[in-house]
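In what follows, a structure is listed as structure tokens, so that the remarks can point back to it.
The values are calculated or read from the model by the stated rules, or taken from the named source; none is laboratory data. Being a predicted model, the structure only gives us computed values, none of them experimental. Neighbour counts are summed over all protein chains in view; Cβ atoms, including those assigned to glycine, are modelled from backbone coordinates with ideal geometry.
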Amino acid sequence: MPGIGPVSDRALKWLRATAEPRTATGIVAAVVLVTTITASLETLKNFLDLPPVVITYLIPVLIVAIRWGFLPALVATITGAGCAAFFFYKPTHTLYVEDPARRLGLLIFVVVATVASYLAVGMRRESEIVRKREKEIRDLYAFSRRLAAGHSTEDIFNAIQKHLSTVLGRKVALFEPRGPASRSEPIGERDVPCCVRDAVSAVITGKTDAATGMTVTDDHGDLWLVHAVSPKTPDLGVVAVDLGQQTPESEEEIRARIEAVLHDAASTIEQIGLAHAITEVRMRAESERFRDALIGSVSHELRTPLASILGAATVLCNAPAVAGEPRLAALASVVREESDRLNNEIQNLLDATRITGEALQPRLEWAEVADVVNAAVERGRSRLGTHAIEIDLPAEMPLVHVDAVLIEKALGQILANSAKYSPPDSTIRIRGWQEDGVLTLAVSDQGAGLSPEDSAHLGERFFRGRRHLQSTPGSGLGFWIANAFVAANGGAIEATSLGENKGTTVTIRLPVPANVEQLESIASE
Amino acid sequence: MSETAAPNVLVVDDEVQIRRFLRSGFELDGYSVSEAENGREAIRAATLRPTDLIILDLALPDLDGSQVLERIRSWSTVPVIILSVKSGEMEKVRLFELGADDYVTKPFGMAELLARSKVVLRRKARATTGDSVIRIQELKIDLAARNVFLDDERLTLTPKEYRLLQILAQYPGNVVTHQELLKEIWGLPHINDTHYLRIVVRKLRQKIESDPNHPRILLTELGVGYRLAPPNEPVEPPPH
């Protein structure tokens, strides 16, 4: 019976609508109002000769329509028309109306009342929407103010929770994504059943799709909706909303509303998150600049007294009175060596601030590779200790176009590292060769080598290998400085090792300009 | 500077601690030391007392060290060694061109300063005696006869190679900047063509050095210039 289905469906819907508390109240009110009007008219009839009274019933119809909706208004219309026919139109006390004009009047009343109540309900709905929208805007404004005032993620999560519970008018618990939900305290509603917490955990860990969420029924038969704030990621938190007792239809509706609110909140948070990240980066850059300026000035201030200490120590070392007394001489040389070391560390800090301060402008000139290597070995002599340095350069190396001082310093850092991390008296080998327009300098030692972890972090500023943290002093700047200095000259640096305690080879690669041979031949003329 | 009297060194630095250790260091090495703590005092002291060597700090409270150097150079050729916490190559080049004899970066060891002092003093002594033969290890340069010998064997040098050696030999042990050398040998237009200089140095080293990759006579001051190794000790006893 195809025709019956939709009709009975609609009837069911009407019936269910009637069962709604608001409509039921409206119907009762309609009956009461119509009865009151009828009673008043009945009383008045004894004193006055009344003209057609049916128009009076528009009053309860409109009141009921505005206050309780269309269905009660329809009840008021019909009962009103019925009462008019029954009590006031001849023959009275029957629903039959004799006068055709009155019958027409009643019909017009029913039509007018129906249309009027329909319009009243529509107006009422519209004003309701406007009011709701106004409230939503107010809520959103308050939400954004709370977000803007928030300094920590906790403030922001608090704001989200408050916003959701205000907008949804339900108990809302918000779980931050950190830690298991079964133990962490949610923001807002504290009394969250265990089964709901489990569902929250599932959403946070990604076991349940964050985009759809899930519903859980607790021990009291209340329905909870568990949903990530952002459909893209559970990182913005997960909410659990207590929906109470819901029919499937109303559940669908409230769920749609919750999703809409969450969508708004998520996009606001994403924007705020972005702004937050930007501020954070900016602040970090600011503090880095400040730190570098501080290091720069402190290092400069440290150098002046250090010059006196180192100078005085060297005078002491050579003074006949001290030189003739081995114990004193040893002490004097401790002062000298340690101030040398301090001086190197200060130089590293100054170099580091030059790099980060973007003050590194290579002064390019043509340079002889052997000169650079010799200068690095010579200048680093005090740091190289008892290591044997073996230099292996072919007789004819091309000129390179670099800032020779920067390359020398880079090489010096590499040599110092090799000396530091290889056994005393072992050999450090420097080799150079040219191949396919690239000049390579390789420094190999027989030292501690690199663990896979060391290799991964070697280029980082302040990185120090775990094995050496306790045993060997250092700042973790050396390789980083070397790397920056070589890179500033258009070169590349690389460290390779066969493994721990199998030595390290650091290579510096520098581009050889294509026109170098031509330049060299012109110059020899 | 007389041969018998101790050389007089004037130490100019506003830091009393630096002056104190410089005084001890120089006195232990046989010098007689006078001090000045600012630029004006330094200029006055240099005019009043016979001075053989000035150790001049760049950062002075009243005048900049380079101004002091310029003033002193306007009437005196007394050797000046600059002390500075700055180690920039541009700075060094500027000071060498203003007439500084040497440049030592703070902090430094006393031995290094004494060695450099000895070199500049010896150059001064040679200039006053007018000795035209300079011996550096196995190399002998006769500036008057325009001859160069290695282990008493006469070398054939190109004009540019000889000119380079000649300029450096006028100030043995002292740095001559790239720009100075380029200007003197190739002329002003080539003042930035460092590759000219590198190639001539390479050729010259092949003739005078036993291992051109590890030169011991013609030395590179990276980013600044070249210098010759200090001349061999003269036969007469050293100043102290």
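General observations
- The set of residues in the stretch A:83-101 that are in contact (Cβ under 8 Å) with a residue 12 or more places away in the chain, among the hydrophobic types (A, V, I, L, M, F, W, C) and surrounded by 15 or more Cβ atoms within 10 Å (Cβ to Cβ) comprises A:Cys83, A:Ala84, A:Ala85, A:Phe87, A:Phe88, A:Val97.
- From A:Asp403, A:Asp392, residue being of a type in the set (Asp, Glu), at the interface with chain B (Cβ under 9 Å from one of its Cβ atoms) and either touching a Cys at 6+ places or on another chain (Cβ under 9 Å) or surrounded by fewer than 24 Cβ atoms within 10 Å (Cβ to Cβ) (or both): A:Asp403
- Which numbered condition A:Asn417 misses (of (1) surrounded by fewer than 17 Cβ atoms within 10 Å (Cβ to Cβ); (2) not in a strand (DSSP E or B)): (1)
- For the stretch A:330-349, filtered to residues that are among the hydrophobic types (A, V, I, L, M, F, W, C) and crowded, with 16+ Cβ neighbours inside 10 Å, the residue that is farthest from the other protein chains (Cβ to nearest Cβ) is A:Leu349.
- Some residue of the stretch A:504-513 being under 34 Å from the mean Cα position of the chain (by Cα) and among the aliphatic types (A, V, I, L, M): no
- Test: residue in the stretch B:22-32 that is part of a helix (DSSP H, G or I), more than 14 Å from chain A (Cβ to nearest Cβ) and aromatic (Phe, Trp, Tyr): no
- The stretch B:65-104 - residue that is in a strand (DSSP E or B) and crowded, with 18+ Cβ neighbours inside 10 Å and, of those, farthest from the other protein chains (Cβ to nearest Cβ): B:Val80
- Qualifying residue in the stretch B:116-133 (condition: farther than 22 Å from B:Glu221 by Cβ, among the charged types (D, E, K, R) and more than 14 Å from chain A (Cβ to nearest Cβ)): yes
- From A:Ser127, A:Ser144, residue being in a helix (DSSP H, G or I) and at pLDDT 75 or above: A:Ser127
- Filter result for B:Leu58 (more than 14 Å from chain A (Cβ to nearest Cβ), touching a strand residue (DSSP E or B) at 6+ places or on another chain (Cβ under 8 Å) and either within 30 Å of B:Ala169 (Cβ to Cβ) or modelled with pLDDT of 90 or more (or both)): no
- The single condition among (1) closer than 23 Å to A:Trp433 by Cβ; (2) of a type in the set (A, V, I, L, M); (3) more than 8 Å from chain B (Cβ to nearest Cβ) that A:Ala321 does not satisfy is (1).
- Criterion applied to A:Leu302, A:Leu294 was being within 14 Å of another protein chain (Cβ to nearest Cβ), modelled with pLDDT of 70 or more, surrounded by 10 or more Cβ atoms within 10 Å (Cβ to Cβ) and in a helix (DSSP H, G or I), and the one residue passing it is A:Leu302.
- Within the stretch B:203-223, considering residues that are buried (at least 17 other Cβ atoms within 10 Å of the Cβ) and acidic (Asp, Glu), the one farthest from the other protein chains (Cβ to nearest Cβ): B:Glu209
- Restricting attention to the stretch B:41-55 and to residues that are in a helix (DSSP H, G or I) and among the aliphatic types (A, V, I, L, M), the residue that is nearest to the other protein chains (Cβ to nearest Cβ) turns out to be B:Ala42.
- Residue-level check: of (1) more than 30 Å from A:Pro248 (Cα to Cα); (2) in contact with a Phe, Trp or Tyr (Cβ under 9 Å, 6 or more places away or on another chain); (3) modelled with pLDDT of 85 or more, A:Pro100 misses just (2).
- Checking each residue in the stretch B:166-202 for being of a type in the set (S, T, N, Q), away from chain A (no Cβ under 14 Å), more than 18 Å from B:Arg216 (Cβ to Cβ) and assigned to a loop (DSSP other than H, G, I, E, B) picks out no residue at all.
- The stretch B:15-64: number of residues that are over 26 Å from A:Ala332 (Cβ atoms) and either in contact (Cβ under 8 Å) with a residue 40 or more places away in the chain or of a type in the set (S, T, N, Q) (or both): 12
- The stretch B:1-17, subset over 22 Å from B:Ile72 (Cα atoms) and within 14 Å of chain A (Cβ to nearest Cβ), residue surrounded by the most Cβ atoms within 10 Å (Cβ to Cβ): B:Gln17
- Every listed requirement among (1) over 26 Å from B:Arg205 (Cβ atoms); (2) more than 11 Å from chain B (Cβ to nearest Cβ) is met by A:Arg354 save one, (2).
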